[in-house]
1. Consider only pairs whose beta carbons are under 7 Å apart and that are at least six residues apart or on different chains; among these, list those whose first residue lies in segment 66-90 and is without any contact (Cβ under 8 Å) to a residue 60 or more places away in the chain and whose second residue is open to solvent by less than 20 Å² (accessible area, probe 1.4 Å) and polar (S, T, N, Q).
2. Identify all residues within segment 202-223 that are open to solvent by less than 20 Å² (accessible area, probe 1.4 Å) and either of a type in the set (Val, Ile, Thr) or out of contact with any Ser or Thr (no Cβ under 6 Å at 6 or more places or on another chain) (or both); write none if there are none.
3. Which condition number does Asp9 fail, the rest of (1) among the acidic types (Asp, Glu); (2) touching a residue at least 24 places away in the same chain (Cβ under 8 Å); (3) under 30 Å from Ile153 (Cβ atoms) being met?
4. Report, by residue number, each residue of segment 63-73 that is among the hydrophobic types (A, V, I, L, M, F, W, C) and open to solvent by less than 70 Å² (accessible area, probe 1.4 Å).
5. Out of (1) outside any helix (DSSP H, G or I); (2) surrounded by 19 or more Cβ atoms within 10 Å (Cβ to Cβ), what's the single condition that is false for Thr76?
6. If you go through segment 96-116 one residue at a time, do you hit one that is among the polar types (S, T, N, Q), touching a strand residue (DSSP E or B) at 6+ places or on another chain (Cβ under 7 Å) and either closer than 22 Å to Leu194 by Cα or free of Cβ contacts under 8 Å to residues at least 60 places away in the same chain (or both)?
7. Tell me the residue from Glu113, Glu35 that is more than 13 Å from the chain's Cα centre (by Cα), open to solvent by 10 Å² or more (accessible area, probe 1.4 Å), closer than 19 Å to Leu180 by Cα and at pLDDT 90 or above, please.
Amino acid sequence: MPHVLLIEDDVSVRDGMELVLRRHGYDVSTAATGEAALALLADPAGPAAELAVLDLMLPGMDGFEVCRRLRAGGSTLPVIMLTARGDDSDIVHGLEAGADDYVVKPVTAAVLEARIRAALRRAEPSRSAQGEDHAGLGIDRAGLTVVKRGTAIALPPTELRLLLELSASPGRVFSREQLLESVWDHDFLGDSRLVDAAVGRLRAKIEDLPARPRYIQTVRGFGYRFGPV
């Protein structure tokens, strides 16, 4: 069964979400603080979490810092953040910190479980195609690895799936809506900020000059396409 780490300081919310997830067949570990969550993930004898549901407003170390530390340490663990207000700045900052998706509390069991299933699917991209080289950027679709000039680049599942989707059709322009549907499985619950934030994080890792991208180009008014140029 997939193992979910639930990081939430509100006992009633945490207990309710844990019950819902267990009823849907997930193994669940919980943490009430960011520090406790990072300790659990760093413990070799701890649970092998396959996804984290992370509240942003935690006491002490908040969810933004937890996510930043995970990504800075090279973790590719899928992260769904929980925000109580749906505040635009919270959502943008959370996505920029490395979260893969978000839900606004209170969230229904159906929506939460759908977002988790979609995130876990993104963690297992298709392995059907062969390796490719794009002007120094190597993409191995079978091994699910990305190498730039001989150096491996660790990408969380959402960013890897986004790169695989764009690079499968070089030169093709993808709208944000198309990418939401194909990468996030959000055909009706989508938010274009998910795409923009993931593109920004991906550019920071694969581009020499993220402000002047060579591989992932913006087509203003339409969306994105894969180069390189």
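1. Close Cβ pairs satisfying both conditions: Asp90/Thr83.
2. The answer is Leu202, Ile206, Glu207, Tyr215, Ile216.
3. If we test Asp9 against (1) among the acidic types (Asp, Glu); (2) touching a residue at least 24 places away in the same chain (Cβ under 8 Å); (3) under 30 Å from Ile153 (Cβ atoms), just (3) comes out false.
4. Residues of segment 63-73 that are among the hydrophobic types (A, V, I, L, M, F, W, C), as a first pass: 64, 66-67, 70, 72.
Within segment 63-73, Phe64, Val66, Cys67, Leu70 qualify.
5. (2)
6. So in segment 96-116, the residues among the polar types (S, T, N, Q) come out as 108.
With touching a strand residue (DSSP E or B) at 6+ places or on another chain (Cβ under 7 Å) added as a condition, the list becomes none.
Within segment 96-116, not a single residue is among the polar types (S, T, N, Q), touching a strand residue (DSSP E or B) at 6+ places or on another chain (Cβ under 7 Å) and either closer than 22 Å to Leu194 by Cα or free of Cβ contacts under 8 Å to residues at least 60 places away in the same chain (or both).
7. Numbers: Glu35 fails: closer than 19 Å to Leu180 by Cα.
Result of the check over Glu113, Glu35: Glu113.
Results for (1) open to solvent by less than 50 Å² (accessible area, probe 1.4 Å); (2) among the small types (Gly, Ala, Ser); (3) under 22 Å from Asp87 (Cβ atoms), shown as yes or no for each residue.
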residue	(1), (2), (3)
Glu8	yes, no, yes
Val11	no, no, no
Leu19	no, no, no
His24	no, no, no
Pro44	no, no, no
Ala49	yes, yes, no
Val53	yes, no, yes
Met61	yes, no, yes
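The values are calculated or read from the model by the stated rules, or taken from the named source; none is laboratory data. Bear in mind that the values here come from a model prediction, so they are computed numbers and not experimental data. Cβ: placed from backbone, ideal geometry, glycine included. Neighbour counts: every protein chain shown. Just the protein is used for accessible areas: all its heavy atoms, side chains included, with ligands, DNA and RNA removed. Shrake-Rupley method; radii C 1.70, N 1.55, O 1.52, S 1.80 Å.
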